[in-house]
Amino acid sequence: MEAPGILIVEDELIIATDLERMCLNKGYDVLATAATAQEALEMAREMAPDLVLMDIVLRERGDGIETARIIRDERDVPFIFITAHSDEATIARAKQSGSYGYLLKPVKAIELAVAIETALSRHDVEKKLRESEQRFSRLAANSPAIIYQYR
């Protein structure tokens with residue numbers, strides 16, 4: 001089985017390098033590291049990651065929450081926020097974004113691994129549920145007008 005590909009979006013080189021090391025040590029494939037929102041969007045479109053680790057506050061007018069939402073909408077990629085910000089307003093915005101996790105810096109390797117596995121598993125289950133719902137909708141739409149109920 002192929003290792004999940006991860007895109008790291010972090011503007012602080014030391015933290016990005018540490019996250020990459022932790023991911024590689026757990027057997028994940030780090031596709032790239034982006035330092036800005038624009039780089040993150042371009043890399044997500046180009047590389048099709050299985051998961052994005054996203055810093056919330058990025059340099060150069062970058063907003064990680066908005067960037068993650070765009071990536072999710074365009075590519076159906078789950079994301080986990082990794083941030084030093086735990087104020088109520090930031091948490092509320094993150095909750096509304098559809099995030100699959102929220103880790104505070106400094107991140108421990110075991111917490112990161114658990115968050116990644118949980119996010120990937122949850123995303124897989126949700127994807128299968130959406131596919132099942134689509135199949136059921138097609139079946140119902142293409143069924144005869146009268147469906148008998150057996151008792």
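Of note:
- Any hit, segment 52-74, residues being open to solvent by 60 Å² or more (accessible area, probe 1.4 Å) and polar (S, T, N, Q): no
- Residue in segment 103-120 that is open to solvent by 60 Å² or more (accessible area, probe 1.4 Å), in contact (Cβ under 8 Å) with a residue 24 or more places away in the chain and within 17 Å of A68 (Cβ to Cβ) present: no
- Taking the criterion of being polar (S, T, N, Q) and within 24 Å of D18 (Cα to Cα), the residues of segment 76-105 that qualify are T83, S86, T90, S99.
- Members of segment 123-144 that are over 16 Å from M54 (Cβ atoms) and either in contact with an Asp or Glu (Cβ under 6 Å, 6 or more places away or on another chain) or surrounded by 13 or more Cβ atoms within 10 Å (Cβ to Cβ) (or both): E126
- Every residue from segment 75-102 that is more than 17 Å from the chain's Cα centre (by Cα), more than 16 Å from E10 (Cα to Cα) and surrounded by 13 or more Cβ atoms within 10 Å (Cβ to Cβ): T90
- As a summary of the residue check, L24 satisfies the conditions (1) surrounded by 13 or more Cβ atoms within 10 Å (Cβ to Cβ); (2) touching a residue at least 24 places away in the same chain (Cβ under 8 Å) except for the one numbered (2).
The values are calculated or read from the model by the stated rules, or taken from the named source; none is laboratory data. As the structure is a prediction and not an experimental result, all values here were calculated from the model. Positions of Cβ are backbone-derived with ideal geometry, glycine not excepted, and every protein chain shown enters the neighbour counts. SASA here: full protein model, heavy atoms, side chains in, ligands and nucleic acids out. Shrake-Rupley method; radii C 1.70, N 1.55, O 1.52, S 1.80 Å.
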